[in-house]
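Below is one structure, written out as structure tokens; comments come after it.
The values are calculated or read from the model by the stated rules, or taken from the named source; none is laboratory data. None of these values were measured; they are calculated from a predicted model. All Cβ positions, glycine included, derive from the backbone under ideal geometry; neighbour counts span all protein chains shown. Ligands, DNA and RNA are stripped out before the accessible areas are found, and what is left, the full protein with its side chains, is counted by its heavy atoms. Shrake-Rupley method; radii C 1.70, N 1.55, O 1.52, S 1.80 Å.
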Amino acid sequence: MTALSVKRYASTTIRGKQKVCRYMRGDSRVRSLVPHTMSFSKEHLFSMMERHPVLYIKPDIGSLGIGIFRLKRGKGGGYRLKEIVGKTQKSRRFTQLSDVYQAIVSARRSRLIIQQGIPLSKVGGRAYDIRAMVQRKPDGPWVCTGFMVKIAGSGKIVTNYYQGGKIVSLGSLHEQLGLTEEAGASRKAKLTSAALDIARCLSKRRSGMSELGIDFAFDSGGKLWVLEVNSNHPQFHPLRSIDPGAYQKMKSFAASYGRFNAK
């Protein structure tokens, strides 16, 4: 499904990454999870680049990793800008930040946001993030129904499966990281708690929400961050083969609020 898909079941949507970030920043339970985020402008690009060595510039409404930029200061000066165009990743170097701004303006197709780049934890030398699916049946409480891990393709600035990423289960990730059973359970509990806090936060702002796909990441120092929240057709079909139990649970919840065509 794309961000433009028409929703035909009972679950409302919050459209716009900046709006979602603003709602979460207003909640003391989840504020510390949210990266520094601003609307895209020349002034904001310059001020954000002064504060952070890496920035992500993203469509405020978008999917599949398309249209995302990563901007990084060069070690010897200047800047390197990487961009996702369709399924292709392009890279350019600039001497002046003003030229970077002009390049982004020339390429953009929609409203953008600027977000602090997080040095993601890696597995097998590749960055990963973790999608938590949070759902509720009509008049029921929020439940974290499962997780899937997205591991970035070689050299890619995003983890999306569409961009060459790999999907594995949370248990498989923990095995690859060499975590003990106790450590894995502790991380899962932390993710679950954060996902439920975010669901409660956002559903207070918008009534009628029944499902969220929340992308989390641990940074290289072990701190947990929320990278994105998807309330428009969050996908879970890759779990059908890697975690059938979680997949069937998600389908059951989805059917209860009318999403009968969930794969």
- Using a 1.4 Å probe over the heavy atoms of the protein chains, calculate the carbon and sulfur portion of the accessible area of region 121-226 as a whole percent. 47 percent
- Message: In the chain, if the dipole is taken from +1 on Lys/Arg beta carbons and -1 on Asp/Glu beta carbons about the Cα centre, which of Phe147, Ser32, Gln89 is farthest to the positive end?
- Response: Gln89
- Message: Only sites in a loop by DSSP and with at most 16 other Cβ atoms within 10 Å count here; which chymotrypsin sites (Phe, Trp or Tyr not before Pro) in region 192-263 make the cut?
- Response: Phe260
- Sort region 1-109 into rounded, prolate or oblate with this rule: let a ≥ b ≥ c be the square roots of the eigenvalues of the Cα gyration tensor; rounded if a/c is under 1.5, and if a/c is not under 1.5, prolate when a/b is larger than b/c, oblate otherwise. oblate
- Note on the structure: For region 220-228, in residue order, the Karplus 3J(HN,Hα) values (coefficients 6.51, -1.76, 1.60; θ = phi - 60°; whole Hz; Gly and Pro = x) are 5, x, x, 6, 8, 10, 9, 8, 6
- Query: Where does the chain land at 222 nm, in deg cm²/dmol rounded to the nearest 500, when only DSSP H runs of n ≥ 4 count, each adding -39500 (n - 2.57), divided by all residues?
  - Reply: -9500 deg cm²/dmol
- Item | Carbon + sulfur, % of accessible area of region 1-90 - ligands and nucleic acids excluded, 1.4 Å | 51 percent
- Query: Using Cα pairs under 8 angstrom and six or more residues apart, how large is the relative contact order of region 49-126, in percent?
  - Reply: 33 percent
- Item | Furthest towards positive pole of dipole, Ser231, Leu177, Tyr161, structure part region 118-263, Cβ charges | Ser231
- Note on the structure: Honestly region 107-201 on the Cα gyration tensor test (a ≥ b ≥ c root eigenvalues; a/c under 1.5 rounded, otherwise a/b vs b/c for prolate or oblate) is just oblate
- Quick one, can you get me the convex hull of the C-alpha atoms of region 116-263 expressed as volume per residue in Å³? 116 Å³
- Using Cα pairs under 8 angstrom and six or more residues apart, how large is the relative contact order of region 1-138, in percent? 25 percent
- Query: Percent of alpha carbon pairs in the chain separated by more than 36 Å?
  - Reply: 12 percent
- Task: Would you mind checking the tilt of helix 42-51 against the longest principal axis of the Cα atoms of the chain, expressed as 0 to 90 degrees and rounded to 10?
- Result: 80 degrees
- Query: Over the chain, what is the mean sequence separation of C-alpha contacts under 8 Å (at least six apart), divided by residue count, expressed as relative contact order in percent?
  - Reply: 23 percent
- Accessible solvent surface per residue of the chain, calculated while the other protein chains remain in place, 1.4 angstrom probe, Å²: 48 Å²
